[in-house]
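Shown next, in structure tokens, is the structure this report addresses.
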Amino acid sequence: MLFLLIALVGGCKKTETATSGYRLLLAADPYVPLMQQEVDQFLSLYPQVKMEVRSASTRGAIVSLLNDSVYTIVIDRQFNEEENQVARQASLRLVENKIAEDGIAIIVHKQNPILNMSAESARRIVTKTATEWTQIAETRWSGPIDLVLTGRNSGMYELLQAKIFAGSKPLEPSTVMNSQREVIQYVSVHPQSVGFVAASLLTNETANVKMLPVLTRSPDGVEKEYLPGQQEIHESLYPFHYSLYLYNAEAKAAVGVGFSALVLSNVGQKIFQRSGLVPVTIPYRTIQLHAE
């Protein structure tokens, strides 16, 4: 009888499902508040879920997933070949979902007289080919260029190095900050500085920095300037943009599957839309109507 009772009690342990259980979500630095909104929405629909969001560098989130420390992450780039190889060697099957798009905004201090910047000038600043403002054709500003970025484990660093301005050499920013919000704060008080941050962060934080339009060729071959707005990112008119990805470890997806479904649903995608990102599953016409 005692053996049977123990067996029955042991058998009462609840199995996690898509709508019940616990899940820790690691999110890349700029997107923690946004993903907290998604989690809050998920929890309001499924009260049997317990879920928390923590901040991590993009590389840190990937390492935690590969080490089997967490099972769900949101990052601002795809796994690179080295990381995919580690996953294959560990027989770790990952479920990847593209969930939104964002732009890379170029920001300078408000005192800088520059009005726009070409893609080539941006490349020269990031690669340190240009180190003085007098070397940038679009401005009459002078003095050393103070390039401000997040560290090399951040998604922004890797996006600029490997995707936007593809090169094998490590980037050498003059100033390294712990988060993109700190980059914005730093640029707001240092007149010689220039920073690269997620465009969606600037929705409510543009008071003390200037976001520069980028000069590039339009589809009809005319040079025009574009800001990283939703329409410009959606139509690939703005040249510096990237996708946001949600990864789940397939073997332990459970709550992650339910959360992914919420994020990709109409409700979840509208949270991205209202936050200035470009949703991936809502037609562009909806974005236009919202903007108007």
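The values are calculated or read from the model by the stated rules, or taken from the named source; none is laboratory data. These numbers come from a predicted model, not from an experiment. Virtual Cβ from ideal backbone geometry, glycine too; neighbours counted across all protein chains shown. What goes into the accessible areas is simple: the full protein's heavy atoms, side chains included, and nothing from ligands, DNA or RNA. Shrake-Rupley method; radii C 1.70, N 1.55, O 1.52, S 1.80 Å.
Please find, among Glu205, Glu232, the residue that is modelled with pLDDT under 95, of a type in the set (D, E, K, R) and on the phi < 0 side of the Ramachandran plot.
Working: Glu232 fails: modelled with pLDDT under 95.
Sole residue among the options that is modelled with pLDDT under 95, of a type in the set (D, E, K, R) and on the phi < 0 side of the Ramachandran plot: Glu205.
Filter the stretch 211-234 for residues that are open to solvent by less than 60 Å² (accessible area, probe 1.4 Å) and polar (S, T, N, Q) and give the result.
Once the filter is applied, which keeps residues that are open to solvent by less than 60 Å² (accessible area, probe 1.4 Å) and polar (S, T, N, Q), the stretch 211-234 yields Thr216, Ser218, Gln230.
Please verify whether the stretch 14-28 includes one or more residues that are open to solvent by less than 70 Å² (accessible area, probe 1.4 Å) and either without any contact (Cβ under 8 Å) to a residue 40 or more places away in the chain or under 30 Å from Ser142 (Cα atoms) (or both). Write out each step before concluding.
Going through the stretch 14-28, the residues open to solvent by less than 70 Å² (accessible area, probe 1.4 Å) turn out to be 17-21, 23-28.
After this cut, where a residue has to be either without any contact (Cβ under 8 Å) to a residue 40 or more places away in the chain or under 30 Å from Ser142 (Cα atoms) (or both) as well, the list is none.
No, there is no match, as no residue in the stretch 14-28 is open to solvent by less than 70 Å² (accessible area, probe 1.4 Å) and either without any contact (Cβ under 8 Å) to a residue 40 or more places away in the chain or under 30 Å from Ser142 (Cα atoms) (or both).
Out of the residues in the stretch 80-133 that are under 27 Å from Glu182 (Cβ atoms) and basic (Lys, Arg), which is surrounded by the most Cβ atoms within 10 Å (Cβ to Cβ)?
Going through the qualifying residues, I end up with Arg124.
Starting from the stretch 149-175, take each residue that is under 17 Å from Ile62 (Cβ atoms) and in contact (Cβ under 8 Å) with a residue 40 or more places away in the chain and list its partners that are assigned to a helix (DSSP H, G or I) and of a type in the set (Asp, Glu), counting only C-beta distances under 7 angstrom and pairs at least six apart or across chains.
So the pair list comes out as Thr150/Asp29; Ser154/Asp29.
Conditions: (1) in contact with a His (Cβ under 9 Å, 6 or more places away or on another chain); (2) of a type outside the set (Phe, Trp, Tyr); (3) closer than 24 Å to Ile271 by Cα. Ser243 meets all but one. Number of the miss?
If we test Ser243 against (1) in contact with a His (Cβ under 9 Å, 6 or more places away or on another chain); (2) of a type outside the set (Phe, Trp, Tyr); (3) closer than 24 Å to Ile271 by Cα, just (1) comes out false.
What single numbered condition from (1) in contact with a strand residue (DSSP E or B) (Cβ under 9 Å, 6 or more places away or on another chain); (2) open to solvent by 70 Å² or more (accessible area, probe 1.4 Å) fails to hold for Leu237?
Just one mismatch for Leu237, condition (2).
One line per residue, one yes/no per condition, for (1) touching a Ser or Thr at 6+ places or on another chain (Cβ under 7 Å); (2) part of a strand (DSSP E or B); (3) hydroxyl-bearing (Ser, Thr, Tyr):
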{"position": "Leu26", "(1), (2), (3)": "yes, yes, no"}
{"position": "Leu65", "(1), (2), (3)": "no, no, no"}
{"position": "Ser69", "(1), (2), (3)": "no, no, yes"}
{"position": "Phe79", "(1), (2), (3)": "no, no, no"}
{"position": "Gln85", "(1), (2), (3)": "no, no, no"}
{"position": "Leu92", "(1), (2), (3)": "no, no, no"}
{"position": "Glu96", "(1), (2), (3)": "no, yes, no"}
{"position": "Gly103", "(1), (2), (3)": "no, yes, no"}
{"position": "Arg123", "(1), (2), (3)": "no, no, no"}
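In the stretch 62-80, how many residues are touching a residue at least 12 places away in the same chain (Cβ under 8 Å), farther than 13 Å from Ala251 by Cα and among the hydrophobic types (A, V, I, L, M, F, W, C)?
Looking only at that region, the number is 5.
Go over the candidates Arg181, Arg140 one by one and state the one that is closer than 28 Å to Pro33 by Cα, charged (D, E, K, R) and open to solvent by 30 Å² or more (accessible area, probe 1.4 Å). Please lay out each step first, then the result.
Values: Arg140 fails: closer than 28 Å to Pro33 by Cα.
So the residue among Arg181, Arg140 that is closer than 28 Å to Pro33 by Cα, charged (D, E, K, R) and open to solvent by 30 Å² or more (accessible area, probe 1.4 Å) is Arg181.
Can you report the number of residues in the stretch 221-254 which are touching a Phe, Trp or Tyr at 6+ places or on another chain (Cβ under 7 Å) and of a type in the set (D, E, K, R)?
Within the stretch 221-254, residues that are touching a Phe, Trp or Tyr at 6+ places or on another chain (Cβ under 7 Å) and of a type in the set (D, E, K, R) number 2.
Please work out which residue is modelled with the lowest pLDDT, limiting yourself to the stretch 240-256 and to residues that are touching a strand residue (DSSP E or B) at 6+ places or on another chain (Cβ under 7 Å) and among the aliphatic types (A, V, I, L, M). Steps first, answer last, please.
Step one: filter the stretch 240-256 for residues touching a strand residue (DSSP E or B) at 6+ places or on another chain (Cβ under 7 Å), giving 240-250, 253-256.
Retained after the next criterion (residues that are among the aliphatic types (A, V, I, L, M)): 244, 246, 249, 253-255.
Working: Leu244: 98, Leu246: 98, Ala249: 94, Ala253: 83, Ala254: 90, Val255: 94.
The qualifying residue modelled with the lowest pLDDT is Ala253.
Consider Leu237 carefully, then state whether it is out of contact with any Pro (no Cβ under 6 Å at 6 or more places or on another chain) and either farther than 23 Å from Asn80 by Cβ or of a type outside the set (Gly, Ala, Ser) (or both). Before you say what the answer is, go through the steps one by one.
Values: out of contact with any Pro (no Cβ under 6 Å at 6 or more places or on another chain): yes; either farther than 23 Å from Asn80 by Cβ or of a type outside the set (Gly, Ala, Ser) (or both): yes.
Answer is yes for this residue.
Residue by residue through the stretch 178-219, note down the ones that are of a type outside the set (A, V, I, L, M), farther than 14 Å from Ile106 by Cβ and assigned to a helix (DSSP H, G or I). Let's see the steps before the verdict.
Restricting attention to the stretch 178-219, the residues satisfying the condition of being of a type outside the set (A, V, I, L, M) are 178-182, 185-186, 188, 190-193, 195-196, 200, 203-206, 208, 210, 213, 216-219.
From the residues that got through so far, the ones that are farther than 14 Å from Ile106 by Cβ too are 178-179, 181-182, 185-186, 188, 190-192, 200, 203-205, 208, 217-219.
Within the stretch 178-219, Arg181, Glu182, Gln185, Tyr186, Ser188, Ser200, Thr203 qualify.
Which one is farthest from Gly155 (Cα to Cα) among residues in the stretch 39-63 that are open to solvent by less than 20 Å² (accessible area, probe 1.4 Å) and part of a helix (DSSP H, G or I)?
Phe42
Okay, residues lined up against (1) touching an Asp or Glu at 6+ places or on another chain (Cβ under 9 Å); (2) assigned to a helix (DSSP H, G or I); (3) closer than 23 Å to Leu92 by Cα:
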{"position": "Ile233", "(1), (2), (3)": "yes, yes, no"}
{"position": "Tyr242", "(1), (2), (3)": "yes, no, no"}
{"position": "Leu246", "(1), (2), (3)": "yes, no, yes"}
{"position": "Gly258", "(1), (2), (3)": "no, yes, yes"}
{"position": "Ala261", "(1), (2), (3)": "no, yes, yes"}
{"position": "Gln269", "(1), (2), (3)": "no, yes, no"}
{"position": "Phe272", "(1), (2), (3)": "yes, yes, no"}
